[in-house]
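Below you'll find the structure, written out as structure tokens, and then a few comments.
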Amino acid sequence: MPPTLDTLPAELLAHILQYADIYNPDATPFHPLQCLAATTHCLRDAAEEVSRLMLNKHAKLTKFPRTVIYRAKWLRWLNTSCWFCKKTSQRKAIFQDEERGPTCCAKCDRAQFPKMTMTEAIANHGLSKLDLFTPNRLLDLPTLTNGEYFVMGNFSTMLSKPDVLARKAYIHGLLGEKAKDEGYLRRRAAAHERIIKHMNARVQHGRVHERTSFIDPVDTSKTTASMRTPEGRANYVTEHLRRERAALGM
Ligand SMILES: [Zn+2]
């Protein structure tokens with residue numbers, strides 16, 4: 001298909017437009033640039049671009065500030081304005097992807113991204129860390145939207161409220177009648193804590209990370225038998241994961 005005006009590369013189009021009688025001030029209000037701008041969005045952008053080029057080209061006459069870099073202005077705006085209410089803010093949303101998340105004031109963060117703490121998800125929704133921080137050796141499920149929030153000198157793990165509620169519906173659906181028993185859910189969450197302890201794992205950045213180094217306890221009098229040796233810990237994890245899978249009907 002032959003190229004049309006609006007399929008030409010922007011630089012070529014801007015170059016062509018420089019020959020469109022653009023120096024003629026008497027053409028107003030039917031100046032070629034005004035006519036082009038009224039035709040399509042693409043030609044309006046081209047008319048703007050050629051005007052910018054002309055202002056730069058004749059900067060000595062026009063006194064147009066040649067140092068205006070719109071990319072820098074845009075980036076500055078992105079980093080200093082809440083993307084939702086547009087008020088000045090340098091705070092990043094809690095749910096963000098490696099520092100690239102939106103600039104978001106605290107009020108908009110609450111409104112736009114409903115969330116809850118890990119503690120709340122466990123205590124109020126009958127879930128465990130192994131339910132929430134996936135995938136792990138019990139559940140091969142996607143990672144829930146999460147973020148860490150620095151408050152009172154500590155990092156607090158926050159989870160997306162809709163994600164937690166969807167996970168709750170799924171897990172409790174698998175547990176069936178047992179999910180109606182709050183005592184069972186509490187005991188289940190505590191059992192999962194013990195499995196995590198025997199895995200020598202910790203929750204970090206929304207995942208259960210198993211650490212490879214483990215120092216065997218010197219004073220074994222205060223340690224349960226299953227924690228004392230690598231074999232004991234491995235056997236405990238295998239056996240209790242099997243039980244938990246069975247409870248989920250897996
Ligand atoms: Zn805001």
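What follows is calculated from the coordinates using simple rules that are stated; it is not laboratory data. Only a predicted model underlies this, so the values are computations on that prediction, with no experimental measurement involved. In this analysis, Cβ positions are derived from the backbone assuming ideal geometry, glycine residues included, and neighbour counts consider all displayed protein chains.
Quote the FRET efficiency, to the nearest 0.05, computed for THR7 versus GLN34 with a Förster distance R0 of 25 Å and r equal to the Cβ-Cβ distance.
On the way: r = 22 Å, r/R0 = 0.90.
FRET efficiency, THR7 to GLN34: 0.65.
From the mean inverse distance of alpha carbon pairs (Kirkwood) and the Cα radius of gyration, derive Rg over Rh for the range 5-59.
Details: Rg = 10.6 Å, Rh = 11.2 Å.
That ratio is 0.94, to two decimals.
If R₀ is 25 angstrom, what is the calculated FRET efficiency for the pair ALA234 and ALA123, using the beta carbon separation as r and rounding to 0.05?
On the way: r = 30 Å, r/R0 = 1.20.
My answer for the efficiency is 0.25.
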note = In nm, the gap between the two label points placed 7 Å beyond Cα toward Cβ at ARG71 and ASN154 is 4.4
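Please compute the Kirkwood hydrodynamic radius of the chain from all pairs of different C-alpha atoms, in Å with one decimal.
Value: 23.9 Å, from the Cα pair sum.
Can you sort TRP77, TRP83 by how many other beta carbons sit within 10 Å, fewest first?
Values: TRP77 12, TRP83 16.
Lowest count first: TRP77, TRP83.
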inquiry  = Report, to one decimal in Å, the Kirkwood hydrodynamic radius for the range 74-113 based on all distinct Cα pairs.
reply    = 9.7
inquiry  = Just want the ordering: SER128, SER226, from fewest to most Cβ atoms lying within 10 Å of their own Cβ.
reply    = SER226, SER128
task = Rank the residues ARG71, ARG188, ARG76 as a footprinting-exposure proxy: fewest other Cβ atoms within 10 Å of their Cβ go first.
result = ARG71, ARG76, ARG188
ask   = Once phi is turned into ³J(HN,Hα) by the Karplus curve 6.51 cos²θ - 1.76 cosθ + 1.60 with θ = phi - 60°, what whole-Hz value does each residue of the range 151-157 show in order, with x for glycine and proline?
value = 9, 6, x, 9, 8, 10, 7
query = Given 10 °C and 1.306 mPa s, how large is the Stokes-Einstein diffusion coefficient of the range 114-247 in µm²/s, with Rh as the Kirkwood radius over Cα pairs?
reply = 100
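Based solely on its DSSP helices, what 222 nm [θ] is calculated for the chain when runs of n ≥ 4 H residues each add -39,500 (n - 2.57) and the sum is averaged over all residues, nearest 500 deg cm²/dmol? Don't skip to the end; give the middle numbers.
Values: 11 runs with 116 residues, N = 250.
It comes out at -14000 deg cm²/dmol, rounded to the nearest 500.
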query = Between GLN18 and GLU182, 0.36 nm times their residue separation minus their Cα-Cα distance comes to what?
reply = 51.5 nm
